[in-house]
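Heads up: the structure comes next, in structure tokens.
Bear in mind that the values in this text are calculations on the coordinates, not laboratory data. As the structure is a prediction and not an experimental result, all values here were calculated from the model. Cβ: placed from backbone, ideal geometry, glycine included. Neighbour counts: every protein chain shown.
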Amino acid sequence: MQSVSPRKTIKLSQRFFQSLTAILLILLLSAGSCRKKHQPQRLKALWIHDAYASIRGGEFPRIKAVSWWHENWEGTQLRIDSSPEVTEAYRQAVSDTFWQTQPVFANEKLLPPASGCYHAAFPDFGGPEDMVSADSVRHFERLAGKNITWAYFSDNWYDQIGFPWDAVQEIHRAGRVPFIRMMAREDIAEYEPDTLYTMQNIIDGRFDAELLQWFRDAAATGYPMLIEFGTEANGAWFPWNGTYHGGGETTGYGDPSFPDGPERFRDAFRHIVLLSRQAGAHNLTWFFHLDAYGEPDESWNDFENYYPGDAYVDWVGISVYGPMTPSDDWETFGYRLSQVYDRVCRMTVKPLAVVETGVTEYGFAGEE
């Protein structure tokens, strides 16, 4: 998650199903209120209910974890304490024993739970997503009325690559599994290339010494962790997206039948995973992370083109967000996930997780 960007501006399609869904939800809310305008927190509460109920009801059986993005910024309110009604809706949504909190590992790799789904979160570790504290974990769990399996945070490389010891130890101290997002960027600017941490530089081994030490340190912790490289790979808001590494061209790198931008990302991902194995960091469970909205909306940017392959990935994660600003139109979690779910299932046999989800507090277009 980054600041609000075009991929989060929900576009209402003309499909009958989506329009009917919005109408039915609004009529449902109207039945309980005589006000002309619906209370925005009721819409957010309903979105939360729909999101968790769609997983609980078996609509997406290969989803084995859901992680809420608990943060407010720039007028967007994703936190589950944005109103008392929203807090209660979230607590009720995850109260069922279907939502598991105890991780299951085999050979230091995270397995799907025997039944149900893992409950997880980014528990508001600040704007750069790396201000990690055990207190933040505990505060979110008190609000949710339920523990989380993992706590998600960013390892921003900035001016040097180094293992985030303090953050990992804070999460471990809270009794939760650290989930590290390796963010190959010098700063948090969006829609810009990064001139240092390019995919080609990674492929060429420019950072091998630092990365090998990173992975040796990870192995030295002695406990399992989760990790991803290249969050939301198919989104141009991040500098590792193919837009900045050759885009849809096919003659500048590798396979002449494959788009260069995604191919470079794919090979950089593989290179990093191989380094982790060389360093003996077998306690890492690797996630590939795509966004339900791709940008740019071009065939070369399809998330399948970025996928490193099942030999390099343990889980596949998906970002599925609802409306993020007051001008966004209504779109349910279930509808949005349904647009990519079958494609992801065809792409991989690995377990799937919604690694980021959330919706703003404010009302949405068409709510009256």
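What per residue convex hull volume, in Å³, do the alpha-carbon atoms of the range 114-250 yield?
Convex hull of Cα atoms, per residue: 141 Å³.
Indicate, rounded to the nearest 5 percent, the antiparallel portion of the DSSP beta bridges found entirely in the chain.
Of those bridges, close to 10 percent are antiparallel.
Between beta-carbons, use under 15 Å as the cut-off and find the net charge around Lys146, counting Lys and Arg +1, Asp and Glu -1.
+1
Between Asp159 and Arg56, what FRET efficiency follows from the Cβ-Cβ distance if R0 is 56 Å, with the result rounded to 0.05?
Approximately 0.80, to the nearest 0.05.
So for the range 6-358, if I pair up every lysine 8 or more residues apart or on another chain, how many of those pairs have alpha-carbons under 25 Å apart?
14
Give me the distance in nm between label points sitting 7 Å out from Cα along the Cα-to-Cβ direction at Asp166 and Gln339, one decimal.
4.0 nm
Counting pairs of alpha carbon atoms under 8 Å apart in space and at least six apart in sequence, what relative contact order in percent does the chain give?
On the way: 737 pairs, mean separation 80.8, N = 368.
Rounded, it is 22 percent for the chain.
Need one number: the % of Cα-Cα pairs in the range 268-368 sitting beyond the 24 Å mark. Kindly include the intermediate steps, with their values, before the conclusion.
Details: 1774 of 5050 pairs.
Taking all Cα-Cα pairs of the range 268-368, the fraction more than 24 Å apart is 35 percent.
Taking every pair of Cα atoms in the chain, average 1/r, invert it to obtain the Kirkwood radius, and report Rg/Rh to two decimals. Kindly include the intermediate steps, with their values, before the conclusion.
Working: Rg = 20.0 Å, Rh = 20.9 Å.
Rg/Rh for the chain comes to 0.96.
Using just the helices of the chain, give the 222 nm mean residue ellipticity in deg cm²/dmol: DSSP H runs with n ≥ 4 each add -39,500 (n - 2.57), and the total is spread over all residues, rounded to 500.
So the helix-based figure for the chain works out to -10000 deg cm²/dmol.
Using the Kirkwood radius over C-alpha pairs as Rh, can you work out the diffusion coefficient of the range 230-295 via Stokes-Einstein at 20 °C, viscosity 1.002 mPa s, in µm² per second?
The Stokes-Einstein estimate is 168 µm²/s.
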